[in-house]
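Starting off with a structure, shown below.
The values are calculated or read from the model by the stated rules, or taken from the named source; none is laboratory data. In this text the structure is predicted, and so the values were computed from the model without any measurement. Neighbour counts are summed over all protein chains in view; Cβ atoms, including those assigned to glycine, are modelled from backbone coordinates with ideal geometry.
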Amino acid sequence: MFRKPYRKSSSALFAGLVSAGMAFCLMTAMSSAQDAGFEPSVEDFSCIRDMESVRGFFVTNLLGDIEATLEVANSETGGTYPTGSLIQLVPTEAMVKREPGYNPLTNDWEFFELDVSNGETHIRVRGSDEVVNQFGGNCLECHARAEPQWDMVCEQDHGCDPLPLTPAMLSAIQKTDPRCEATELTEEEAQALQFLAAIRAASEN
Ligand code: HEC
């Protein structure tokens, strides 16, 4: 007679502790996900030229720490881009530095292929080591060739195989991002765009 209520209350106490413990774990898991992780969304992408220009590409920080992102981008010895960094060379491709542990294979970069053709951003593909661009190229395969101090950012001299795009083609592509206000092209940029359009038409035939 003594033991029964005792046992009952101890198991009730135990159950109470377990559920309090679980609630605590859940709460800490949730708050650490809020602290360390973030999920970039389609609203995070807009006119490429609204970001900070660095040597021909553009950067920003989706968590607000643009200084930390620029510090790495402008460092002569490289470094690890901080969480929240967004980098773009062309309007349709982007890489975002996710929280530590997101994917060690990609140094925690998430790769995006975007469709901006109607003046709005749509995410075509996103992810880590499996993302392939519209030409069938795996983002990571090329970007992993950058020497380690450059954190998978290729530019022209970090060890990646070069892209078949001239500086005039790149600036023309950046200037004609359909999400930006119209801006004038130089003669050379206009020719570069015509050339790109001709190649595209030929490859579609
Ligand atoms: C064929 C190899 C190749 C593939 C595939 C590729 N890239 Fe790149 N990417 C490069 C090179 C090389 C540069 C630097 C070009 C330059 O600055 O002239 C670059 C530049 C960039 C940049 C600007 C920062 C930097 O690294 O210089 C971003 C962002 C980027 N690529 C994202 C992507 C994404 C996202 C994908 C996949 C959807 C992708 N790339 C696929 C080779 C590649």
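Could you list all residues from the stretch 151-165 that are on the phi < 0 side of the Ramachandran plot and more than 8 Å from the ligand (Cβ to nearest atom)? Lay out the reasoning, then the answer.
Initially, the stretch 151-165 is screened for residues on the phi < 0 side of the Ramachandran plot, giving 153-154, 156-158, 160-165.
Selection gives Asp157, Pro164.
Looking only at residues in the stretch 135-182 that are in a loop (DSSP other than H, G, I, E, B) and of a type in the set (Lys, Arg), which one is farthest from Phe58 (Cα to Cα)?
Filtering the stretch 135-182 for residues that are in a loop (DSSP other than H, G, I, E, B) and of a type in the set (Lys, Arg), the one farthest from Phe58 (Cα to Cα) comes out as Arg145.
Criterion first (among the basic types (Lys, Arg) and away from the ligand (no atom under 16 Å from the Cβ)) does Arg200 satisfy it?
In short, yes.
Of the residues in the stretch 29-54, how many are at pLDDT below 95 and not in a helix (DSSP H, G or I)?
So the first thing to find is which residues in the stretch 29-54 are at pLDDT below 95, and the list is 29-39.
Then drop every residue that is not not in a helix (DSSP H, G or I), which leaves 37-39.
Summing the residues that are at pLDDT below 95 and not in a helix (DSSP H, G or I) in the stretch 29-54 gives 3.
A further question follows. Quick check on this structure: which one of Leu193, Leu185 is out of contact with any strand residue (DSSP E or B) (no Cβ under 6 Å at 6 or more places or on another chain), among the aliphatic types (A, V, I, L, M), within 18 Å of Ile48 (Cβ to Cβ) and in a loop (DSSP other than H, G, I, E, B)?
Leu185
Further, regarding this structure: Would you check which residues across the stretch 127-144 are on the phi < 0 side of the Ramachandran plot, touching a strand residue (DSSP E or B) at 6+ places or on another chain (Cβ under 7 Å) and more than 9 Å from the ligand (Cβ to nearest atom) and list them?
Of everything in the stretch 127-144, just one residue is on the phi < 0 side of the Ramachandran plot, touching a strand residue (DSSP E or B) at 6+ places or on another chain (Cβ under 7 Å) and more than 9 Å from the ligand (Cβ to nearest atom), namely Ser128.
Could you list, in sequence order, all residues of the stretch 64-92 that are more than 15 Å from the ligand (Cβ to nearest atom) and either more than 29 Å from Gly119 (Cα to Cα) or touching a strand residue (DSSP E or B) at 6+ places or on another chain (Cβ under 9 Å) (or both)?
Those that are more than 15 Å from the ligand (Cβ to nearest atom) and either more than 29 Å from Gly119 (Cα to Cα) or touching a strand residue (DSSP E or B) at 6+ places or on another chain (Cβ under 9 Å) (or both): Asp65, Ile66, Glu67, Ala68, Glu71, Glu76, Thr77, Pro82, Thr83.
Checking Asp108 against (1) within 12 Å of the ligand (Cβ to nearest atom); (2) within 16 Å of Leu86 (Cα to Cα), only one condition comes out false. Which one?
Here Asp108 clears every test but (1).
Name the pairs whose Cβ atoms lie under 8 Å apart, with the first residue in the stretch 148-162 and charged (D, E, K, R), the second within 7 Å of the ligand (Cβ to nearest atom) and part of a helix (DSSP H, G or I), and 6 or more positions between them or separate chains?
Here the result reads Asp161/Cys142, each pair linking the stretch 148-162 to a residue that is within 7 Å of the ligand (Cβ to nearest atom) and part of a helix (DSSP H, G or I).
While we're on this one: Exactly one of these conditions fails for Gly119: (1) of a type outside the set (S, T, N, Q); (2) farther than 27 Å from Asp44 by Cβ; (3) exposed (fewer than 15 other Cβ atoms within 10 Å of the Cβ). Give me its number.
Of everything listed in (1) of a type outside the set (S, T, N, Q); (2) farther than 27 Å from Asp44 by Cβ; (3) exposed (fewer than 15 other Cβ atoms within 10 Å of the Cβ), Gly119 misses just condition (2).
Answer yes if at least one residue in the stretch 99-108 is surrounded by 13 or more Cβ atoms within 10 Å (Cβ to Cβ), under 19 Å from Gln174 (Cα atoms) and in contact (Cβ under 8 Å) with a residue 24 or more places away in the chain, and no otherwise.
No: the stretch 99-108 contains no residue that is surrounded by 13 or more Cβ atoms within 10 Å (Cβ to Cβ), under 19 Å from Gln174 (Cα atoms) and in contact (Cβ under 8 Å) with a residue 24 or more places away in the chain.
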